[in-house]
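One structure is given below, encoded as structure tokens.
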Amino acid sequence: MTRTAAIAAATGLFTSGRFTKDLAKLVAIPSESQTPDGAPYLRQYLEAFAPRLTALGFTSEIIENLVKGAPPLLLGERIENPDLPTILTYGHGDVTRAQTAQWAEGLTPFTLTERGEKLYGRGAADNKVQHLINISALEAVLATRGTLGFNVKIVLEMGEETGSPGLAETFHLHKERLKSDVLIASDGPRLQPDTPTMFMGSRGGLNFDLVVDLREGAHHSGNWGGLLADPAMILAHALATITDARGQLQIPEWRPTSITPAIREALKDLPIAEADGPEIDPDWGEASLTSAERAYGWNSFAILAMTAGVPEAPVNAIAASARATCQLRYVVGTDTAEILPSLRRHLDKHGFQRVEIREMERGFFPATRLSPDHPWVRFTAASLEKTAGKPPHILPNLAGSLPNDTFADILCLPTVWVPHSYRACSQHAPNEHVLKPVCRDALALMAGLFWDIGEGEGVPSKA
């Protein structure tokens, strides 16, 4: 009944092959939330996971989503003593589109495939492996000590990849039921595969289209060239005013106010490059910031797609319209209510009244952030360092987006995320995979963390 024994029990799940078999069963469920064909499998995933929670001493139920047509959710809890700390954990079992035809030869999205140090499959990194690691670590601690020494509540949703419809409404309705002391969950990547990472929030995001729609139909470029305004040209010039030639934001309201000395210190010396990732362009982005500050402390604008005419089969004609799908990733310190109005003023100021802004129906999650000095951050960091033998990388917020605002703003919880993937995992893309060494390491880290919470020493006082 020692911490070392609990960690050994957790890592033994991996070395014995049981963990990989468990992950394979979850990956085999084609739980795509972005396609109608995946709808029946969203409930199936929860039904497949529930018995594991029951065996761990949870009571759980699958509840209908409060948003019509959105997938169900699972709520569960294991209460040992109301006076003990209560941890809320979270995962999502839905995945992005399979993109089956684009996977490498011999790989298929819903069959877990082992190649060297990688396990390939849709959801292998995002997010099936991550909540499986956490549940497996809880099992190891319980098997070793006989009790956890704390209470656990869990939320599993099946719509994260479509913006978590109904999650906020569920949290408002079940706020008392989900009352806890802290969220400890896993999603996203480590900064480097061999070092634990923690983050306490995420950047927000807003997607929108910029459209120039001038007329009905295209017109022959020989007959009408020089006489008809070119919507693609107008749009290109409009887009070029949003940033300068190196991508620095030119709209004052899009430049955040929250990159304080404390945030700079938290991001100081954090690694940003990765061996398997793309080479970073040092001359792109805000010139006065470090690479880590650009990724985690600043806003970034991206053009995700552009169309005019028929790109795959161009003809000699001036297009009738042009469209660019755009995205602003933003941090705390950005006035979200001003993002699109300030863009409208900016375009009008530069003479682009004909450029229409169309906000997308699917919203991203708002930006959130917890102080690196919070007691739960310090406690978690100390536990991870004890297991890993080196301090974790600590980020104020993830560069991507998560529904962290529902936990932080509705349930009023401090939020600590310990990711179990790495940045070159190809999540949302063909050939998604997780690293086997990271899986084994993460099982050890989480078993150590849950053991330390159950020991009680140094655990932040209950809310």
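The values are calculated or read from the model by the stated rules, or taken from the named source; none is laboratory data. As the structure is a prediction and not an experimental result, all values here were calculated from the model. No Cβ is skipped: glycine too gets one built from the backbone with ideal geometry, and neighbour counts run over all protein chains shown. Just the protein is used for accessible areas: all its heavy atoms, side chains included, with ligands, DNA and RNA removed. Shrake-Rupley method; radii C 1.70, N 1.55, O 1.52, S 1.80 Å.
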Inset, instruction - Positive end of the charge dipole of the chain (Lys, Arg +1 and Asp, Glu -1 on Cβ, about the Cα centre): tell me which of Ala101, Ser16, Gln44 has its Cα farthest that way. - result: Ser16
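Let a ≥ b ≥ c be the square roots of the eigenvalues of the Cα gyration tensor of the stretch 1-88; is it rounded (a/c under 1.5), or, if not, prolate (a/b larger than b/c) or oblate?
Working: a/c = 3.20, a/b = 1.38, b/c = 2.33.
In terms of gyration-tensor shape, oblate.
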Inset, instruction - List the aspartates and glutamates whose Cα lies under 16 Å from the Cα of Lys390, skipping any in the same chain that are fewer than 8 positions away. - result: Asp194, Asp269, Asp441
Inset, instruction - For Lys436, Lys268, write out the residues from largest to smallest accessible area, computed with a 1.4 angstrom probe and no ligands counted. - result: Lys268, Lys436
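Which of the three applies to the stretch 292-407, rounded, prolate or oblate, going by the alpha-carbon gyration tensor with a ≥ b ≥ c and a/c under 1.5 meaning rounded?
Details: a/c = 3.54, a/b = 2.28, b/c = 1.55.
Because a/c hits 1.5 or more and a/b exceeds b/c, the stretch 292-407 counts as prolate.
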Inset, instruction - Report the convex hull volume per residue for the stretch 198-304, counting only C-alpha atoms, in Å³. - result: 173
Inset, instruction - Note down the accessible area of Arg264, probe 1.4 Å, to the nearest 10 Å². - result: 90
Inset, instruction - Kindly sort Ile135, Ile272 by accessible area of their heavy atoms, largest first, with the probe set to 1.4 Å. - result: Ile272, Ile135
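Under a point-charge model restricted to the Cβ atoms of Lys and Arg (+1) and Asp and Glu (-1), what is the dipole moment magnitude of the stretch 175-260 relative to its Cα centre, in debye to the nearest 20? Write down the numbers at each step before the final one.
Details: 8 positive and 10 negative charges, 67 e Å.
The dipole of the stretch 175-260 has a size of about 320 debye.
Write down the percent of antiparallel bridges among all DSSP beta bridges whose residues are both part of the chain, to the nearest 5.
On the way: 45 of 64 bridges.
Antiparallel bridges: around 70 percent, rounded to the nearest 5.
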Inset, instruction - Obtain the nm distance between the two label points defined at Cys412 and Thr100 by a simple spin-label model: each point lies 7 Å from its Cα along the Cα-to-C-beta direction. - result: 4.9
Inset, instruction - Leaving ligands, DNA and RNA out of it, report the carbon-plus-sulfur percent of the accessible area of the stretch 212-348 at a 1.4 Å probe. - result: 55
Legend entry - Karplus 3J(HN,Hα) series, Hz, for the stretch 205-222 with 6.51 cos²θ - 1.76 cosθ + 1.60 (x for Gly, Pro): x, 9, 9, 7, 9, 10, 10, 10, 10, 9, 6, 7, x, 8, 9, 3, 6, x
Legend entry - Value at 222 nm in deg cm²/dmol, rounded to 500, when DSSP H runs of n ≥ 4 in the chain each add -39,500 (n - 2.57): -9000 deg cm²/dmol
Legend entry - Net charge, Thr147 excluded, C-beta distance under 11 Å - Lys, Arg +1, Asp, Glu -1: +1
Legend entry - Exposure ranking of Leu449, Leu206 by accessible area [1.4 Å probe, largest first]: Leu206, Leu449
Legend entry - More than 29 Å apart - percent of Cα-Cα pairs taken over the stretch 21-176: 21
Inset, instruction - With unit charges on the beta carbon (Lys/Arg positive, Asp/Glu negative), name the residue among Thr368, Thr307, Ile133 whose Cα is farthest towards the positive pole of the charge dipole of the chain. - result: Ile133
Inset, instruction - Give me the lysines in straight-line cross-link reach of Lys68: C-alpha distance below 23 Å, same-chain residues under 8 apart excluded. - result: Lys175
Legend entry - Heavy-atom accessible area per residue - the chain, 1.4 Å, Å²: 42
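Does the chain classify as rounded, prolate or oblate by the C-alpha gyration tensor (a ≥ b ≥ c root eigenvalues; a/c under 1.5 gives rounded; else a/b over b/c gives prolate, otherwise oblate)?
Details: a/c = 1.97, a/b = 1.70, b/c = 1.16.
Cα axes put the chain in the prolate bin.
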Inset, instruction - Can you tell me the order of 141-150, 162-171 when each peptide is scored by its average per-residue count of other Cβ atoms within 10 angstrom, highest first? - result: 162-171, 141-150
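Rounded to the nearest 20 debye, what is the charge dipole size of the chain about its Cα centre when +1 sits on each Lys and Arg Cβ and -1 on each Asp and Glu Cβ?
Charge dipole, the chain, about its Cα centre: 480 debye, nearest 20.
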Inset, instruction - Find, to one decimal place in angstroms, the Kirkwood hydrodynamic radius of the stretch 257-332, where the mean of 1/r is taken over every pair of different Cα atoms and then inverted. - result: 15.6
Legend entry - P(r) tail fraction, the stretch 348-463 - alpha-carbon pairs more than 26 Å apart, %: 39
